[in-house]
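What follows is one structure encoded as structure tokens, with my remarks underneath.
The numbers here are math on the coordinates, done by the rules we state, and not lab data. Note that the coordinates shown come from a computational prediction; the quantities given were computed from them, not determined experimentally. Note that we place each Cβ from the backbone using ideal geometry, even for glycine, and neighbour counts take in every protein chain shown.
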Amino acid sequence: MSCLLCPLLFWPALIGTAVYFLRKYMQGGTFTKQTDETGKVFIVTGANTGIGKETVLEIAKRGGTVYMACRDMNRCEKARQDIVRESNNTNIFARELDLSSLDSIRKFAAGFKKEQDKLHVLINNAGVMHCKKSLTKDGFEMQLGVNHMGHFLLTHLLLDVLKKTAPSRIVNVSSLAHTQGTINTGDLNSEKSYSRIDAYSQSKLANVLFTRELAKRLEGTGVTVNSLHPGAVNTELQRNWEFLDYAFVQLLLNPLQWVFFKTAKNGAQTTLYAALDPELKEVSGLYFSDCKPKDVAPAAKDDKTAKFLWAESEKWTGVNTSKVD
């Protein structure tokens, strides 16, 4: 009888083993270097959940002082308490930041400067993905407004502190979706037509173009800036995907996501690498994935488009970046 059962047990065991190793492989690279971040100050946007929360938790465990910049203060405070409890680090602060509001961004930056005179790492992590057409409080298409314009303004409002604290870093969380993006110079705000996917890809391409252009303008200041792709991560960022509105689709996708998508903790590894690795102290203008440098799409190397986006970003946000040039 036992011999008859052998084939029946063999195939499930083989499949299970294959699935296990496939899932392990899909979790990607990890940042394993031990660093001491005591005395260093960090800002992480979108820090109450997903990659952002895991990023804060790891920095907290390494002794860093972290400002969690979030729109929903109830969720942010709950996440902060979780992180303090797990890390035994009380230097974790929850502060309100709505990247869809230029006023909120200015208020956050001003408040931070009243509390701190140094900033070692700014991690522009927050984002929205594939949302229905909507506008920010200032009339920007939501995905471009939050993912790029909001962080463009925030970064420039904090550049003086970053320069003062140099060597310091800026980390922009982009996406592989940038490879599918184009900067629609004739309809940047998606007023003539709108596609959830195209608008998201445009915003992620904007992250990379901004990173590369800013790196050039910050040469010699001691402030570096890099962008990254965290990987396909199972987080709340997927909540606006249209096909997930159907329960049976979610039921089918759940096991696939478990196998092929990273956990939030593993999704945070490349962010931590870009923010903390001592070997990247003077590295700027690069794009990382799975804790390694990766090439960017040809569209992300277009200097003409980068300058167009920069000029439009200045107009939209109302900041004068001439001091950075």
Would you list 76, 70 from fewest to most Cβ contacts within 10 Å? 76, 70
Grab the Cα-Cα distance for residue 195 and residue 263, subtract it from 0.36 nm times how many residues apart they are, and report the gain in nm with one decimal. 21.7 nm
Karplus ³J(HN,Hα) for segment 50-56 (6.51 cos²θ - 1.76 cosθ + 1.60, θ = phi - 60°; Hz, whole; x = Gly/Pro) runs x, 4, x, 5, 5, 5, 4
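Net charge around residue 295, counting only other residues with Cβ within less than 13 Å of its Cβ (Lys, Arg = +1; Asp, Glu = -1)?
Residues close to residue 295 contribute a combined charge of +4.
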Karplus couplings for segment 88-100 from phi (6.51 cos²θ - 1.76 cosθ + 1.60, θ = phi - 60°), rounded to Hz, Gly and Pro as x? 6, 10, 8, 8, 10, 10, 9, 9, 6, 8, 10, 6, 8
Arranged by the count of other C-beta atoms within 10 angstrom, fewest first, what order do 84, 121, 56 take? 84, 121, 56
Label-to-label distance, nm, for residues given as residue 118 and residue 85 (7 Å Cα→Cβ offset): 3.1 nm
Quick one: which residues, 5 or more positions from residue 225 or on another chain, have an amide H under 5 Å from its amide H? H modelled 1.01 Å from N in the peptide plane, none for Pro or chain starts. 170, 285
List every residue whose amide H lies under 5 Å from the amide H of residue 126, counting only residues 5 or more places away in sequence or on a different chain, with H placed 1.01 Å from N in the peptide plane. 45, 46
What are the ³J(HN,Hα) values, in whole Hz, obtained from phi via the Karplus relation 6.51 cos²θ - 1.76 cosθ + 1.60 with θ = phi - 60°, for each residue of segment 115-129 in sequence order, with x given for Gly and Pro? 8, 10, 10, 9, 8, 8, 9, 9, 10, 7, 9, 4, x, 10, 9
